[in-house]
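The values are calculated or read from the model by the stated rules, or taken from the named source; none is laboratory data. Keep in mind the model is a prediction, meaning the values are calculated, not measured. Positions of Cβ are generated from backbone atoms using ideal geometry, with glycine treated the same way; all protein chains shown enter the neighbour counts. Surface accessibility is based on the protein's heavy atoms, side chains included, excluding ligands, DNA and RNA. Shrake-Rupley method; radii C 1.70, N 1.55, O 1.52, S 1.80 Å.
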Amino acid sequence: MIAVDSCCGASLREEVVCYFCGRLLQPFVEWRCPSCGGPGELVHETEFKPSKIKKNIHSMWRYREMLPPSMRSSILTLGEGLTPVCQTISPNIFMKLEYTAPTGSFKDRGSAALFTSLRNLVKDVKGVCEDSSGNAGASIAAYSAAAGLVCRVYCGENITVEKALQVRVYGAELVVVKGSREDVSEAAQREAVERGLVYVGHAWSPYFIEGMKTVAYEIAEQFRWDLPDRIYLPVSAGTLLLGLVKGFSDLLEAGLIDRIPALTAVQTTYRPSLYEAFKGVKLGKRDEKPSIADALTLENPPRLRQMVEELKAVGGDVDVVSDEDIRKALKQLGLSGVYAEPSAAVAYAGVRNRLDELLYSGEKVLVIVTGFGCKATQHMQLVE
Ligand SMILES: [Zn+2]
């Protein structure tokens with residue numbers, strides 16, 4: 001248990017425990033449980049009250065009183081959060097444009113939260129190591145730069161030129177690793193120890209998820225507490241999905257909403273790990289060629305079991321789409337003024353495959369557009 005002094009002098013508490021066995025974990029040092037290998041879960045007392053929202057702060061930090069104590073002072077921010085919601089394609093379909101974030105993807109919420117806790121909880125940090133398909137790497141690199149820390153980003157060979165350039169322009173060292181996405185993670189974890197750096201892998205970090213829950217808070221505020229019926233989002237490591245569940249659960253517990261929107265996680269036929277685990281099936285037709293959704297590459301995400309359990313608990317669902325579906329979705333999004341990267345268009349591809357049904361139902365559908373099209377130009381050239 002860590003005690004953090006709040007601004008009013010009271011001592012607030014938070015702790016990280018193993019999601020599987022409940023063992024207490026040392027923040028940022030034990031990034032996975034030494035007993036069972038499970039991921040950490042951040043536990044802190046919170047009560048969401050609309051009166052606690054700092055309405056004069058136009059970023060995710062307007063919710064800082066609802067975040068863990070280690071995120072309530074010395075905030076590291078590049079202005080992330082409070083992304084726009086627009087109505088497009090149909091009167092009942094809304095898009096939350098997370099690609100308007102400082103580095104062009106939703107990951108900035110997680111990075112800002114993680115680095116704020118890191119500098120409040122760990123002394124003498126030399127630098128950090130991250131592994132990523134690209135967007136989280138670019139984001140971690142940007143926030144490392146803002147924090148004045150050395151940063152090494154490990155990525156696979158299929159990282160897009162634009163994401164690789166982002167990492168380098170932010171001053172981080174980009175290390176390209178041959179092999180699977182999991183091989184990339186292992187290299188980052190190993191070298192963090194060898195080089196005396198903090199491993200901040202976003203797929204493992206419970207601090208990253210805390211930042212993501214601000215998406216749920218924002219949706220509630222932007223929809224004036226009359227939530228969408230359904231939310232579609234792309235899923236790989238699951239930080240956005242778990243953040244949404246956590247954020248909406250806070251609102252439900254506070255009695256501010258009476259239900260959690262039906263969450264539909266969308267994946268590709270190339271990497272359908274959550275789909276298969278959630279449905280208890282093996283996808284018959286599985287693509288061999290890497291998908292144009294280059295950000296959705298994890299075969300065995302560390303929080304897979306947690307995702308299945310939490311998505312089932314809130315009555316959610318999982319869908320899969322093909323590259324052809326993604327291309328059609330990108331084209332339709334473009335024609336409505338939304339320039340998403342393919343990995344972000346995966347969510348709308350899931351909507352598009354059921355468009356008639358969703359339009360007929362009249363339900364309010366929100367699509368989370370996670371990354372900007374300029375991050376994957378070579379894939380966008382395939383859209384006609
Ligand atoms: Zn454990």
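How long is the gain from Leu24 to Ala145 if the chain were fully straight, where each residue apart is worth 0.36 nm and the alpha carbon distance is subtracted? List each step's numbers first, then the result.
Details: separation 121, 0.36 × 121 = 43.56 nm, distance 3.08 nm.
Extending this stretch completely gives an extra 40.5 nm.
Rg and Dmax over the alpha-carbon atoms of the chain stand at 19.4, 59 Å. Taking all protein chains together, Asp356, Asp131, Asp250 sort by accessible area into Asp356, Asp250, Asp131, largest first [probe 1.4 Å]. Taking 0.36 nm per residue of sequence separation and removing the Cα-Cα distance, the Leu355/Asp258 pair yields an extension gain of 32.3 nm.
In region 251-367, one over the average inverse separation of all distinct C-alpha pairs is 15.4 Å, which is the Kirkwood hydrodynamic radius. When +1 charges are put on Lys and Arg Cβ atoms and -1 charges on Asp and Glu Cβ atoms, the dipole computed for the chain relative to its Cα centre reaches about 380 debye. Dividing the mean sequence gap of close Cα pairs (under 8 Å, 6+ apart) by how many residues the chain holds gives a relative contact order of 16 percent. In the context of the full protein assembly, His202 retains an accessible surface of approximately 10 Å², using a probe radius of 1.4 Å and ignoring ligands and nucleic acids.
Provide the gained length on full extension for the span Gln381 to Asp124, in nm with one decimal, where the gain is 0.36 nm per separating residue minus the Cα-Cα distance. Can you show the working numbers first?
Details: separation 257, 0.36 × 257 = 92.52 nm, distance 4.52 nm.
Result: 88.0 nm gained on full extension.
Rounded to the nearest 20, the Cβ-based charge dipole of region 108-199 about its Cα centre (Lys and Arg +1, Asp and Glu -1) stands at 280 debye.
Here the Karplus relation 6.51 cos²θ - 1.76 cosθ + 1.60, evaluated at θ = phi - 60°, turns the backbone of region 209-223 into coupling constants of 5, 4, x, 5, 5, 5, 4, 5, 4, 5, 4, 4, 5, 5, 8 Hz, with x for every Gly and Pro.
Legend: distances between Cα atoms for Lys52/Lys213; Lys96/Lys328; Lys55/Lys213; Lys96/Lys375; Lys289/Lys312; pairs beyond 21 Å are Lys289/Lys312.
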